[in-house]
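See structure below.
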Amino acid sequence: MSGFPRRAQRLRPAFCFADFPRIALAMYRNYWKLYAVPMSLFSAKIRPVLRYKKIPHVEVWADAKVIREVILPKTGVGFIPVIETDTGEVLQDTPRMIERIETLHPYPQVLPADPAVRMVAEVIQDFCDDTCVLPAMHYRWSFSEQRQWIIDDWTAVFGASAMRFVGQMSGALPFLGITDKTTGVIEEFYERLLDLLDAHFLEHRFLLGDSLTLADLAFIGAFYPHLGRDPVPARIMRERSPRVMAWVHEVNDAAPPSPWAEPPEVHETLLPILAEIGRVFVPMQMAVSAFVEEAVSALAVGEEAPRVLGMVEQNVLGVREQRIASAYSVWRHQRTARRYAVLPEGERTVVDEILGPAGVLPYLQTIPKARLAMDRFVLKVAD
Ligand SMILES: N[C@@H](CCC(=O)N[C@@H](CS)C(=O)NCC(=O)O)C(=O)O
């Protein structure tokens, strides 16, 4: 009703064009709402799940006003994506969102039913949510030739707040370990991943074979909105590994599995990608988990865990560099290592056979002792 003084309101027609967004949302009141933006890494993980499962939904762009008036009141934290289901349930944090969506809408499945294959998908998710952020952020913010494109893109979504967000995000690079010392190895890492993925997609449609799974959702976060959409890395992707670009489109379109699809499995061509995870992600996360364990032991039970517990020198893709130690990444490590610890013996042996040669077992066999637990959407120090 904004803009209509009280008296004039009585004279107002039943609806006018200014009401359109309200009317549209009322029409879609039984739909899920996805609060997201097109350039966001984690939004891109969730969007294909809703499409794939054919869950009626509308996407609401999470601009500064929506973050202030919807996201913060509903979740208490400023992260996107956020989902509000048709029953009003609020979901945040992509790994848990995917699990909850799978429970509410089980088919078609994105979480592999085979526990060993699921474990591999979880490891891929941890790696992508952490390490693929390096090329995603470097290629977005380090190239002046695409800066105007990004500003225009962000202005279309965030309006007057765009430049503030651009400043915040581009200013984060050194904290993520993206510095003059590391940009060369980050570019090599991106190109190596493109080559490995391209070779894999020559034989298989998706990461785990014939259908879209958690492993594809994990990769698409960095590989669509940043690396497949921002001009500089997208040109590299298109020219160097066209099959990766084709896969990006298939995941975004939530292409259905063929009627003859085999259940998800770990194929030979995935093994070099798993070895890359063991080589680059595992040592970094182990260093962070040890540091956070120490830092959290000084905090009181029930206290909110600070998002960043400090800067730690890490082996960033082979180069010693400072990088933030985030409490969330350790909670995520804890969650995956606990899942591994309770696997039935036979399943654990299968996981060990796949992930042992890749160098991932130190990650799975060490449950970080930092006592961290999610209290709805807020990470806290637990007993
Ligand atoms: N663990 C969260 C991370 C979400 C996240 O970091 N989202 C970014 C956008 S892609 C964000 O909201 N950033 C805001 C900030 O860092 O303050 C998830 O998986 O959903």
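Can you tell me which residue within the stretch 207-236, out of those that are more than 16 Å from the ligand (Cβ to nearest atom), surrounded by fewer than 24 Cβ atoms within 10 Å (Cβ to Cβ) and not β-branched (V, I, T), is farthest from E276 (Cα to Cα)? In this case the residue turns out to be P231. For the stretch 28-47: of the residues being near the ligand (Cβ under 8 Å from one of its atoms) and of a type outside the set (A, V, I, L, M), which is nearest to L104 (Cα to Cα)? If we take residues in the stretch 28-47 being near the ligand (Cβ under 8 Å from one of its atoms) and of a type outside the set (A, V, I, L, M), then K45 is nearest to L104 (Cα to Cα). The set of residues in the stretch 155-191 being within 16 Å of the ligand (Cβ to nearest atom), of a type in the set (G, A, S) and not in a loop (DSSP other than H, G, I, E, B) consists of S161, A162, G167, S170.
Return the pairs, sorted by first residue and then second, in which the second residue is acidic (D, E) and within 8 Å of the ligand (Cβ to nearest atom), the first residue lies in the stretch 36-47 and is touching a residue at least 24 places away in the same chain (Cβ under 8 Å), the beta carbons are less than 9 Å apart, and the residues are 6+ apart or on different chains. Correct list of pairs: L41/D129; F42/D93; F42/D129; K45/D129. Only one of the listed residues (F127, F165) is buried (at least 22 other Cβ atoms within 10 Å of the Cβ) and modelled with pLDDT of 95 or more. That residue is F127.
The set of residues in the stretch 52-76 that are within 13 Å of the ligand (Cβ to nearest atom) and assigned to a strand (DSSP E or B) contains only W61.
Could you go through the stretch 92-107 and let me know if any residue there is more than 15 Å from the ligand (Cβ to nearest atom) and of a type in the set (S, T, Y). Scanning the stretch 92-107 turns up at least one residue that is more than 15 Å from the ligand (Cβ to nearest atom) and of a type in the set (S, T, Y).
May I ask you to list the residues in the stretch 38-63 that are within 11 Å of L217 (Cβ to Cβ) and out of contact with any Asp or Glu (no Cβ under 9 Å at 6 or more places or on another chain)? Result: A44, I46, Y52.
Of all residues in the stretch 82-93, those that are in a strand (DSSP E or B) and either in contact with a Gly (Cβ under 7 Å, 6 or more places away or on another chain) or over 26 Å from Q125 (Cα atoms) (or both) total 0.
This table checks each residue for (1) more than 30 Å from V319 (Cβ to Cβ); (2) free of Cβ contacts under 8 Å to residues at least 60 places away in the same chain.
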position: H138; (1), (2): no, yes
position: W141; (1), (2): no, yes
position: Q168; (1), (2): no, yes
position: D180; (1), (2): no, yes
position: F189; (1), (2): no, no
position: L196; (1), (2): no, no
position: E203; (1), (2): yes, no
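Here E304 qualifies as within 16 Å of the ligand (Cβ to nearest atom), surrounded by fewer than 16 Cβ atoms within 10 Å (Cβ to Cβ) and in the same structural domain as L202 (by TED's automatic domain parsing).
Close contacts from the stretch 57-80, counting a first residue that is polar (S, T, N, Q) and a second that is outside any loop (DSSP other than H, G, I, E, B), with Cβ to Cβ under 7 Å and a gap of 6+ residues or different chains, come to T75/V82; T75/V90; T75/Q92. Restrict the check to the stretch 132-155 and report whether at least one residue is closer than 30 Å to A341 by Cα, assigned by TED's automatic domain parsing to the domain that holds E304 and β-branched (V, I, T). Checked against the condition, which is being closer than 30 Å to A341 by Cα, assigned by TED's automatic domain parsing to the domain that holds E304 and β-branched (V, I, T), the stretch 132-155 yields at least one hit.
Would you tally the residues in the stretch 83-102 being over 12 Å from the mean Cα position of the chain (by Cα) and within 26 Å of M27 (Cα to Cα)?
12
When the residues of the stretch 307-330 are filtered to those that are farther than 17 Å from T131 by Cβ and surrounded by 19 or more Cβ atoms within 10 Å (Cβ to Cβ), the one that is farthest from the ligand (Cβ to nearest atom) is L309. Across the stretch 143-157, the qualifying residues are those that are touching a residue at least 12 places away in the same chain (Cβ under 8 Å) and β-branched (V, I, T), and the one among them that is nearest to G177 (Cα to Cα) is I150. Among the residues of this structure, R68 counts as one that is basic (K, R), farther than 20 Å from L217 by Cα and surrounded by fewer than 16 Cβ atoms within 10 Å (Cβ to Cβ). Give the residue, chosen from V251, V244, that is closer than 25 Å to R279 by Cα and modelled with pLDDT of 95 or more. Step by step, each of V251, V244 is checked, and only V244 is closer than 25 Å to R279 by Cα and modelled with pLDDT of 95 or more. None of V49, V110, V60 is buried (at least 17 other Cβ atoms within 10 Å of the Cβ) and more than 16 Å from the chain's Cα centre (by Cα) except V60. Given (1) assigned to a loop (DSSP other than H, G, I, E, B); (2) away from the ligand (no atom under 13 Å from the Cβ), where does F79 come up short, assuming only one miss? All conditions are met except number (2).
The values are calculated or read from the model by the stated rules, or taken from the named source; none is laboratory data. The model shown is predicted, which means the values in this text are computed figures rather than measured ones. Note that each Cβ is placed from the backbone with ideal geometry, even for glycine, and that neighbours are counted across all protein chains shown.
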